[in-house]
Structure formats: C-alpha cells, structure tokens
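What follows is calculated from the coordinates using simple rules that are stated; it is not laboratory data. What you see is a predicted model, and the numbers here were worked out from it, not measured in a lab. Note that each Cβ is placed from the backbone with ideal geometry, even for glycine, and that neighbours are counted across all protein chains shown.
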2 protein chains.
Amino acid sequence: MRISTLSIGEELICGQLTDTNAGTIASRLLQEGVRVQRHLAVGDNEPDIIGALADLGRVSDAIIVTGGLGPTADDLTSRAAARATGRRLVINEEARSHVRLMSSKLENLILCPLSDKQAMIPTKSALISNPTGTACGFHLMHNGCFMFFMPGVPAEMTVMLHDTVIPFILERVVRKRAIRTASLNLFGPCEAEVDELLLGIAQPEKGLTLGICVTFPWMKVTLRAEADSGDAANDLVAPAARTVQERLNEYCFSSGDISMDEAVAELFRERCLTLSLAESCTGGLIAKRITDIPGSSQYFCEGVVTYSNNAKQRLLGVPEEVLNNCGAVSSECASAMAKGVRTVSGSDMGLSVTGIAGPEGGSDEKPVGTVFISLAAPDGCWTKRFQFSGNRDEIRTLTAWTALDWLRRYLLKRGQAV
Amino acid sequence: MRISTLSIGEELICGQLTDTNAGTIASRLLQEGVRVQRHLAVGDNEPDIIGALADLGRVSDAIIVTGGLGPTADDLTSRAAARATGRRLVINEEARSHVRLMSSKLENLILCPLSDKQAMIPTKSALISNPTGTACGFHLMHNGCFMFFMPGVPAEMTVMLHDTVIPFILERVVRKRAIRTASLNLFGPCEAEVDELLLGIAQPEKGLTLGICVTFPWMKVTLRAEADSGDAANDLVAPAARTVQERLNEYCFSSGDISMDEAVAELFRERCLTLSLAESCTGGLIAKRITDIPGSSQYFCEGVVTYSNNAKQRLLGVPEEVLNNCGAVSSECASAMAKGVRTVSGSDMGLSVTGIAGPEGGSDEKPVGTVFISLAAPDGCWTKRFQFSGNRDEIRTLTAWTALDWLRRYLLKRGQAV
C-alpha cells in the first residue's frame, strides 16, 4: 500500500511552525510494518490543497491529511476535500453534536469557540471521532484512494490515528512482506567511526538494511529486516542487533525509544543512589532534564545554579582561594563544587559543571567551549576538562549530554546496590 | 515564481527526525517576499527521489533540495539528481579539493570521513560552496526548472541558502507584487478571544491578510500585505499592526522573532535589577530558560532546585511549620521560598514555583496541575495559585511561561531604574 501524508497549514509552509504530525504518522505506521512514501505540506490555500490531493491521489493508495479543520476562516480543508472529490459540503448532525458537547466540556487555557463550521463534512464520508477535541475528522474513498482528514493539533491527531486510521489501514493492507526493526542509541562516536564498526552487518540482498541517523548530539542506528513472515524478519534482525550492540556497546546508552534522560533515571532507581547538582554554565539544564522524568524526586535531592562567585562560596563552600587563584572555570572549582553540593545536600553523589558557553568570556587559555565536569561519589571524586565546539546552545547541550552520560557510565559500573 | 522544497532522508520519512530545513528555507524566502508553495519529503530511495524531482519539476519553477549528500552509502541524492535530469555523475575537481580541505580542517565531536563520493556531481551543474562542511552543493536547470541541492545538516544548509541560493533566486524572481509582514507574539488568551479582538482588521480584497498560529503555549499573529510596491505594502501593514498591538497589548510579549526569554532578558538589562530563582516542580527549567540568553549573568544571580523539603528549609529557610501545616505545595511555602531566595542571594527579586507536575502526587484538594508562583520584590511579595491542565511536560512548560510572563509584566510596570 502506497501511503502519503499531507500536512495543511500556512504556518507550516511559512516556516513558523515545524510539522511533527507527518513524522508521528510515519513512525506509528512503521511500527506496524507499513512505510510512508511521501510527506507533502501545503498552505491554507484552496487551489494548493486541491492540487495536492489530486497529485498525491495519483501516486498513493491512501493519503493521511492533517490540519485545516479548525473553526476559523483560514481553515479550508473540508471545503477543499469536497471540491477535490466532487462532493457537497453539508452539516453532519453527529459532528454538530460532538462540536457542541466538546465545546461545553473543554476548559483549558486555549478554548475553541462553538461553531457549526466544524460540523461541515463532505457527503459520502465517514466520521473519525475525536475524543479530545472539537473537530471531528472524516474519511472517504476517491478514485481508489482512501483519504483520511484529521485536525492538526498533535495530541488530538495522535489519538484519532491510533483509534481509527491505523486499524482501518491495517485491515486493508495486503502485507506481502513482514517488517521488523531494532534500533540502538549512541552518544560519543563520530559517524565515520560507527560506519566502520558496522561494516558487513547490512545484507540488503537478504532484506536486512541499516541506517544511521545523526541528531545532534547523538545518533540512532536502525536495523530493518523485511521477509516473508514476521518470524523470518525477526530471525534476520535479532542476531544483527546483537552484533551491533556488541560492537557499539561502549557508546550505546539505550535501545528503541528510550532517551538518555530515561536511561539515567532507570539506573538511579535501580541503584538506589541519590544525586544533587551544582551547575554553572548549563544554568539548570541538567536539573531540568533529570526532573523531566516523573518520579525523579526519588533520587534527585536538589540542584543549585551558581552563576555568581558569591553563590559558589555561600551555597557550595567553594574556597575563596580557589576562585581567586584558579578561577571559577577550573578543575579545582569544579571539584570543590561537586564535593560541596554532595556534602551540603547529603546526597550519595554530587555532579558539577563549570565552563564558558559563550559567545563572550573566552580567553586563549580557556576559549569558549572549555568545560569542567566533576563527579563526587562515595568512592572518590573525578574531574575532567572538555573542549566543546559550537554555539552557546550547542555547548550547553553537549555539556549536559556528557554529564548525563558520565552519570550513566558511573552507575553502570557501580553495579546493583546492596 | 513557484518554489517547492524537497527534503530527502529515510529518518525524515520514518519519523525519527523532524525536518526543520523546509521551514528555514520557507521563512527566509518569505522575508524576501517569496512564498514557498509545497514542502515534500521522501526517503533515501532512488526511485522516490527521481519521482519527487519529476513531480515537483512539473509544478515548480525552482526546487530547493536538502539532504542525501553525505559520504555514506545511503546518501543517494547526487546520483538520483543525475538520473532525473539525464546527466552523468562525474568527479568535480573543485568539489574534491573542498572535501579534502574541509576534512583536514574540521575537528569536532562528529567528524566526516574523507571521501571522493562527496565530490561526485552531475555534469552541467554549478557548485554551491559550503564554507562550514565537507559536502558541496550544486545547482542545475532542467526543463525550465532550477534545482538546488544542499546537504541536510541545518547549520551548513543555512549558510549556503543565505550565501548562494537566495541571491540566485531573488535575481531571477520577477516580483510583480511586494510583500511586507508584521507579527506579534501573545501569551495568555484563547484563540477564539484573539479571533474576536481582531475582527475587521484583515482586508483580503486590498491584499491585507491575517493569520493566527498557535504553538503551545503561545501564539503568533501575522499580518501580511501584498501590494504593487514596497511602500504601498508598508502603508497597508503598518497601521494594521498598530491596531493589532493596541487591541492585544495586554497579551503581547514581543514582536517578530523575539522570544519570551529574550523579551524578559531585555527588560532585566534595561531595569538593572537582579533575579534569583527557587524552583520545585519546574526543576531548573526556568533557570535554564533565563540562562539560555547570552549575558544573563548580568542579572541572574543564582537558582536553586529544591525538590526535597530538607533543601527548602536549609537553602531557603522555609519554616518547618509551613511545610508541616500547609505542605510544600502551598501559597505559604511558595511565598517563603521566594522571600528566602531573595534574602539569601541578595538579589533584587526572588521568584519561586512549587506545584504538582504529575503524573503522580495529586489529591482532591490539590490535583495534578496545581501550581503556586510567588514573586518577592523590593516593593512587596505576591503569590498566585494556578490550575494548569496537560501532561507533566505541558504543566512544567505552562508554569515556566507563566512565571516568565509575570516577571515581564512586573518589570514593565516598574519602569526604568534610576
């Protein structure tokens, strides 16, 4: 089945908003072994929408459309869908009841107005129910192509995709080939190194392919096996995944959709250790990432963002001599910060970072990107100097990733707590 | 001129990576008054790339292609471009020298390998130089359509777009109509309210249109005027922008591309006041956003992330009775935290947040989403209770936005420091 997505919205086409719906649809379908072939986006412009539906209709068996079903005048998708498929646009009573019910129920920061416009649906369409928002979706068949229309709000779209669109598509897909995938997430190596380490693993002639996707500052290696049956695809992908894991073990922080933050959180929970943070150049970014994870209060005690020297002395007990003789960006200061936050908080571990994120503040000796990270733990205190390159945001991101990866490696080595 | 973008990459089509290049290209071109009509994305698959170039070629005068020019085997764009346009793929000596030079110069976390593959360019193409990476781009003309090919790395693409592609396009665009835009960024109102407040401003018949783009949790109102000359477009957009500003003044935190964080930073610089933060449920997110801005050390003294009650007492001097009688998520605790961090840090202002971000920890009296924000300043201390809805991430994001917006409003009211 050839599937395309079509994202509609002036904000997408103008670059004001990045479309995430096409990616969500593609990745959910790929989990079911169905690959999306094209993502197209057009603005809130009726001829463009009609043209896009016609063009995609010629090369697709199904089009999954998102956006343009809202209550305001610039939402044109229903009308364009009706014109593109030679249907009339009529009030759908079921959709009208839904819009009214949801409008009265929803109580959030951003409320949608009550509007019959959202109940106008092309004739000979079936509704796609939207349990979380006002706009119903609909689907229809035109010239042998299934067309699904959903609102562009990601949270609403995701539920409708899962509840209605994907089951509908899977029922109709004649899957000649089964697809299985496995992926590993890496931090640290360069792409060329990974490429070399993975030589000989892909066997495209047998249906086993391998892709490397670099997303600053980490990368994902994905194995994809296509075979006549699910078992055969599994037999192809599983041993290859083990080989990849062995060769890249040093860099691999997780598999599948598990983020670095979640991997670190999981280790903290397992090891029953607690952590406090003293951040300078990352300004709270590491604490933010640690506390992104629900339940982090189990292992995260406190964080301090000590931008000023005064705060470093007062909150962490960094000696004045260290600040005067070595400076705030120094190995000595980083280690005093890590030990300090560990002591004052009473945590098992203290982690500190101090550095120059730029764009100002660099010197010949300590250029922008110079970062010291220090880890104080029950069995010692270690400090490392790093030289990162990039802009302020990249340097802060690299620093946070490196610190989290260091925590991960330390916790792995510590083994299970008794 | 009808312009399309084409983004190439298996990771894009699989939903592993969100394409930002198409948006960057569209927004840069729109600044020059040129609208992109379609964004298409396909995977690393030669027939799909060839098909996309052919389809877009039929409806476009220019196609701006990104991605698939890397050194690895799955980078197929050059070969597909050659096939799609009936050209041969040959080593380009200038590109080869560039690849070698850049490979020897680049020294970063992720290094690209030396490879002649990146010097293979279709015949009868002109190079697009890439000052920051190894892969040269190229452009060619096929059946009356300009095709530009650039690497997918956003930082490299952006420079090449700016230096070569946009000037090339602008030279050839016969702009019959001038376009001017103005935009305002809002936090707080619902879309329906904004819609109502903006009634009567758009005059599509005169070429003045208005769009509202909601990006959780803020929104952007963009006015766009199209006229025979730049002056005429300005005359259309400028008074409308003033009216929009007047009607939405209460909610408007900035115009154009200025973020909430930058708007707040600018006010801190102007007012010469300093800030310290005490965060509980946001876990460092507000400090992270404040310190995202270069030079924030001028006004940001310190932040503490006090997850535990112990930390709230020890670092901020929150009285034990408050924690015992009112709880850590209470108006009393928030105000003690704000006053505490202001006192211990010696800052002009102290801001605190404490709340329940979920998914666990809610009660009937204080459900998930209950957040207290407190602001301690030279002229008083104010505390407010909020009830946010959404998941953990949304509640934390809304809390940080609300806190930053409160700082902004306070600083605006304070007027200029003496």
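Can you put A:S296, B:S229 in order of Cβ neighbours within 10 angstrom, beginning with the fewest?
On the way: A:S296 20, B:S229 10.
Ranked by crowding around the Cβ, least crowded first: B:S229, A:S296.
Sorted from nearest, the other copies put their A:D163 label points 5.2 nm away, the label point being 7 Å from Cα in the direction of Cβ. In plain terms, the residue of B:M102, B:M150, B:M219 with the fewest other Cβ atoms within 10 Å comes first and the most crowded comes last, giving B:M102, B:M219, B:M150. Helix content alone sets the calculated 222 nm mean residue ellipticity of chain B: runs of n ≥ 4 DSSP H residues at -39500 (n - 2.57) each, divided across all residues, give -11000 deg cm²/dmol. Amide H to amide H, with H built 1.01 Å from N, A:F146 comes under 5 Å of A:A62, A:I63, counting only residues 5 or more places away or on other chains. Using a simple spin-label model with pseudo-atoms 7 Å out from Cα toward Cβ, B:E266 and B:A73 lie 5.2 nm apart.
Computed 3J(HN,Hα) for the range A:270-284, one whole-Hz value per residue from the Karplus formula 6.51 cos²θ - 1.76 cosθ + 1.60 where θ = phi - 60°, is 5, 7, 6, 10, 10, 9, 10, 10, 10, 10, 10, 5, 7, x, x, glycine and proline marked x. The alpha carbon convex hull volume per residue for the range A:202-343 rounds to 143 Å³. Along each principal axis, taking the top coordinate minus the bottom one, the Cα set of the range A:178-255 gives 36, 21, 20 Å in descending order.
Over all Cα atoms in the range B:3-172, the spread is summed up by Rg and Dmax: 14.7, 42 Å.
For the peptide A:289-302, the mean number of other protein chain Cβ atoms found within 10 angstrom of a residue's Cβ is 5.
For chain B, the relative contact order comes to 10 percent (Cα pairs under 8 Å, sequence separation of at least 6). Based on alpha carbons, the Rg and Dmax found for the protein assembly as shown are 27.7, 80 Å.
Given that compact globular proteins tend to follow 2.2 N^0.38 Å, what is the ratio of the alpha-carbon Rg of the range A:47-108 to that value?
Dividing the Cα Rg of the range A:47-108 by 2.2 N^0.38 Å gives 1.34.
What does the structure give for A:32-43 when I average, per residue, the other chain Cβ atoms found within 10 Å of the residue Cβ? Intermediate values should be presented prior to the final figure.
Working: counts 0, 0, 0, 5, 6, 9, 9, 11, 9, 12, 6, 7.
The mean count of partner-chain Cβ atoms within 10 Å per residue comes to 6.
For the pair the range A:167-241 / the range B:199-272, the C-alpha centres are spaced 46 Å from each other. Taking all Cα-Cα distances within the range A:335-390, those exceeding 13 Å account for 59%. For the range A:91-104, the Karplus equation 6.51 cos²θ - 1.76 cosθ + 1.60, evaluated at θ = phi - 60°, returns couplings of 5, 9, 5, 5, 5, 5, 4, 4, 4, 5, 4, 5, 4, 6 Hz by residue, with Gly and Pro reported as x.
Other chains near B:214-227: what is the mean number of their Cβ atoms within 10 Å of each residue's Cβ? Don't skip to the end; give the middle numbers.
Details: counts 6, 4, 5, 2, 1, 2, 3, 0, 4, 0, 2, 0, 0, 0.
Mean shielding count: 2.
Comparing B:T209, B:T72, B:T181 in a Gaussian network model of chain B (Cα springs below 10 Å), the most mobile by mean-square fluctuation is B:T72.
Only the Cβ atoms of Lys and Arg (+1) and of Asp and Glu (-1) were treated as charged; on that basis the dipole of chain A about its Cα centre amounts to roughly 720 debye.
Sorted from longest to shortest, the spans of the Cα atoms of the range B:353-418 along the three principal axes equal 47, 20, 11 Å.
Of the residues A:V153, A:A178, A:F168, the one whose Cα sits farthest toward the positive end of the charge dipole of the range A:129-197, with +1 on the Cβ of Lys and Arg and -1 on the Cβ of Asp and Glu, is A:F168. Summarising the rotation from chain B to chain A, the nearest chain B beta-carbon to the axis and its distance in Å are given as B:G284, 2. Distances between copies at A:G144, taken between label points 7 Å from Cα along the C-beta direction, are 3.0 nm in increasing order.
Within a Cβ distance under 12 Å of B:W406, other residues only, what is the Lys/Arg minus Asp/Glu net charge?
Numbers: positive: B:K384, B:R408, B:R409, B:K413; negative: B:D405.
Result for the neighbourhood of B:W406: +3.
Taking label positions 7 Å along the Cα-Cβ direction at both B:T18 and A:E171, the computed distance is 3.2 nm, reported to one decimal.
Quick one: of A:K312/B:K312; A:K288/A:K366; B:K288/B:K413; B:K220/B:K413; B:K312/B:K339, which pairs are farther than 20 Å apart, Cα to Cα? If you can, show how the numbers build up before the last one.
Values: A:K312/B:K312 18 Å; A:K288/A:K366 27 Å; B:K288/B:K413 25 Å; B:K220/B:K413 23 Å; B:K312/B:K339 12 Å.
Exceeds cut-off: A:K288/A:K366; B:K288/B:K413; B:K220/B:K413.
Stokes-Einstein diffusion coefficient for chain B at 37 °C in a medium of 0.692 mPa s, Rh from the Kirkwood formula over Cα pairs: what value in µm²/s? Could you put the intermediate results ahead of the total?
Numbers: Rh = 24.9 Å.
It comes out at roughly 132 µm²/s.
With Cα atoms as the point set, the range A:260-414 shows a radius of gyration and Dmax of 14.4, 43 Å.
As a proxy for reagent exposure, ranking B:I201, A:I293 by other Cβ atoms within 10 Å from fewest up yields B:I201, A:I293. Using θ = phi - 60° in the Karplus curve 6.51 cos²θ - 1.76 cosθ + 1.60, the 3J(HN,Hα) couplings for the range B:2-13 round to 8, 10, 10, 10, 9, 9, 10, x, 4, 5, 6, 6 Hz; x is entered for Gly and Pro. In this structure the amide hydrogen of B:M349, modeled in the peptide plane, comes within under 5 Å of the amide hydrogens of B:T274, B:L275, B:S276, none closer than 5 places in sequence on its chain. Starting from the label point of B:R87 at 7 Å along Cα→Cβ, the same points in the other copies fall at 4.4 nm, in ascending order.
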